[in-house]
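All remarks here apply to the structure that follows.
The values are calculated or read from the model by the stated rules, or taken from the named source; none is laboratory data. Note that the structure is predicted; figures quoted are calculated from it, not measured. Cβ sites come from the backbone with ideal geometry, for glycine too, and all protein chains shown count toward neighbours.
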Amino acid sequence: MAWYNLSSNLKNHPPSDRAAHSCDKVGSNLYIFGGWNGKQALNDLYILDIGNLLWSQPEAEGNIPACRNNHTTAVVSESIYFHGGHDGLDWLDDLYVFNTTTYTWAKPKLSGNRPSGRACHTMSRVGRKLYMFGGYDGERCFNDMDVLDLDTISWIQPDVGGQSPMARNAHTMTVVGTKLFLFGGHSGNKHLKDLHIFDTETLEWTEPTITGSPPKGLRGHTASLIGNKMYLFGGYDGRGKSEKKIIPSNDLYVLNTNTMKWSHPSEIEKSPVGRQRHTACVIGTKQLFIFGGFDGCKWLNDICVLDIGKMEVNEITQEATSSLIENMRKIINQETFSDVIFQVEEKEIYAHKAILVAQCEHFKAMFTSGMKETTQTTIEIKDWSYSSYLHMIEYLYTGCIEDFNPTVALEVLGLADAYGLENLKSLCENTLIHSVDNDNVVALLIDGHRYSALELKKFCMNYIIKNFKDVEATKGFENLESVPSLLMEVTKNIASHSHSM
């Protein structure tokens with residue numbers, strides 16, 4: 001599975017439920033700090049040893065930060081820098097550094113023009129600088145770029161070129177080389193779905209042309225770079241607001257940062273519950289660890305892992321399968337390289353014995369029994385229509401039938417039964433069941449009886465029992481007389497149903 005839940009495999013006590021916390025990877029450990037548990041802000045620190053799957057809560061020393069949530073962090077060598085957030089009352093503007101080797105907190109002495117207090121902002125490291133963008137202070141959102149020079153420990157407000165993005169909070173900023181990819185967030189009035197790029201070398205903003213299937217406007221999501229792709233997970237797009245609910249997303253979107261094309265992988269099995277204000281960390285080269293968040297009803301403390309490697313294998317397999325199906329479709333009823341011809345209603349259908357034998361026991365018996373069909377290149381088919389036979393061939397070549405509808409299903413049902421194609425038969429039954437009404441139920445019951453389509457027959461029988469007066473009034477009901485045993489079965493079932501009421 002591409003997704004799996006790691007929580008049950010972890011040792012020791014995990015952090016309590018929370019959202020709007022921080023989670024940073026240093027070495028082989030994850031460091032989780034602070035957040036909000038639905039009642040109060042937190043300032044506890046937990047460490048997950050990834051290799052041993054072991055939680056611990058270190059005894060840190062030094063100038064420990066006050067409780068906070070929606071702060072922002074950046075990893076610099078063996079230290080984690082923490083800025084701002086909200087403590088439940090105030091918007092914070094402080095900066096702390098945690099040394100993961102000595103387990104000590106420090107509050108460095110800063111110079112320059114310090115940014116105002118804020119939360120729901122981002123801080124991203126490129127080289128020896130931290131780039132802080134956006135956020136909210138209870139009154140307004142920001143779109144300024146503040147830079148902390150790590151060599152001088154001073155704040156800088158550079159002159160920025162290009163068109164600056166709209167002010168926002170709860171966005172993501174992903175480091176791609178020397179560029180920062182900004183996506184989404186909330187402006188204070190609406191959810192945003194725009195993508196902007198900040199070049200840290202030229203100090204310019206650009207808004208690239210993108211293609212594909214982009215996400216809706218989101219806030220509280222995560223966006224992580226693996227290889228040349230940015231994996232965006234979760235967040236909140238406003239769903240449920242009209243019903244006074246919060247329904248976070250569990251969708252996964254992928255941006256190829258080379259082609260600037262969004263993709264939305266098809267539904268992935270075992271996807272976690274939707275959430276926002278969670279965290280995501282890249283582990284190794286192919287795994288994404290998701291921790292905590294808020295699912296709209298409760299705060300979480302689970303760890304869910306997306307195995308990108310397995311997802312890529314699945315995508316490659318799906319692409320190969322899709323390509324194979326399309327290639328097989330190209331040779332359906334094509335004379336080139338065919339080695340058998342079916343004559344149906346005076347029309348020819350070209351086919352390939354190897355494919356038919358591999359897919360169908362009926363054809364295997366036909367071509368290997370030593371009967372006349374074994375050596376014939378043209379085989380006359382009676383009792384079946386050209387259309388139904390061609391559809392069956394299409395199914396044997398591709399595993400599906402384009403434009404499959406009740407009319408086609410009815411044509412193919414008998415063939416599927418005669419040729420022992422149970423999966424095709426089930427496909428026909430399911431399609432026909434969804435088309436049952438008062439006028440056709442008797443005809444479909446007769447077909448279900450004739451071709452041993454038990455699910456179709458059962459459904460039609462129950463339908464007739466529940467709607468007997470309406471069905472009895474139709475012209476088709478008289479056709480039951482042509483199948484006396486079936487008429488008797490219907491009569492008995494109706495009588496039994498009447499007695500039980």
Within the range 277-319, count every residue that is under 20 Å from residue 36 (Cα atoms), out of contact with any helix residue (DSSP H, G or I) (no Cβ under 9 Å at 6 or more places or on another chain) and of a type in the set (A, V, I, L, M). 3
From 381, 332, which residue is closer than 19 Å to residue 416 by Cα and under 34 Å from the mean Cα position of the chain (by Cα)? 332
I'm checking my understanding of the structure. Among residues of the range 89-124 that are among the aliphatic types (A, V, I, L, M) and assigned to a strand (DSSP E or B), which one is farthest from the chain's Cα centre (by Cα)? 106
Kindly indicate which of 423, 438, 493 is over 30 Å from residue 324 (Cβ atoms) and within 45 Å of the chain's Cα centre (by Cα). 438
Within the range 404-436, the residues that are at pLDDT 95 or above and charged (D, E, K, R) are 417, 422, 425, 429
Close pairs (7 angstrom Cβ cut-off, 6 or more residues apart or separate chains): over 20 Å from residue 283 (Cβ atoms) in the range 31-52, among the hydroxyl-bearing types (Ser, Thr, Tyr) and part of a strand (DSSP E or B) anywhere: 34/22
Pair list, Cβ under 6 Å, 6 or more apart: the range 153-169 residue in the same structural domain as residue 137 (by TED's automatic domain parsing), other residue hydroxyl-bearing (Ser, Thr, Tyr): 154/111; 162/206; 166/187; 168/187; 169/136
Set 454, 486, 444: member being under 23 Å from residue 405 (Cα atoms), buried (at least 19 other Cβ atoms within 10 Å of the Cβ) and of a type outside the set (Lys, Arg): 444
Just one listed residue, out of 357, 340, is farther than 21 Å from residue 417 by Cα, touching a helix residue (DSSP H, G or I) at 6+ places or on another chain (Cβ under 6 Å) and either surrounded by 15 or more Cβ atoms within 10 Å (Cβ to Cβ) or not hydrophobic (A, V, I, L, M, F, W, C) (or both), and it is 340
For residue 265, are the conditions met, namely being within 16 Å of the chain's Cα centre (by Cα), part of a loop (DSSP other than H, G, I, E, B), modelled with pLDDT of 95 or more and assigned by TED's automatic domain parsing to the domain that holds residue 17? no
Would you confirm, using the coordinates I've provided, whether residue 301 is in contact with a strand residue (DSSP E or B) (Cβ under 7 Å, 6 or more places away or on another chain) and not in a strand (DSSP E or B)? no
Restricting attention to the range 198-206, does a residue exist that is farther than 19 Å from residue 135 by Cβ, surrounded by fewer than 18 Cβ atoms within 10 Å (Cβ to Cβ) and under 21 Å from the mean Cα position of the chain (by Cα)? no
Within the range 360-392, how many residues turn out to be aliphatic (A, V, I, L, M) and touching a helix residue (DSSP H, G or I) at 6+ places or on another chain (Cβ under 8 Å)? 4
Count of residues meeting criterion [within 18 Å of the chain's Cα centre (by Cα), within 12 Å of residue 235 (Cβ to Cβ) and either in a loop (DSSP other than H, G, I, E, B) or not assigned by TED's automatic domain parsing to the domain that holds residue 25 (or both)] in the range 268-294: 3
Those strands (runs of 3 or more DSSP E) completely within the range 154-210 that have 2 or more residues that are in contact with a Leu (Cβ under 8 Å, 6 or more places away or on another chain) are 154-156, 172-176, 179-183, 195-199
Taking the conditions exactly as written (surrounded by fewer than 18 Cβ atoms within 10 Å (Cβ to Cβ), aliphatic (A, V, I, L, M), within 23 Å of residue 157 (Cβ to Cβ) and in the same structural domain as residue 30 (by TED's automatic domain parsing)), does residue 110 satisfy them or not? yes
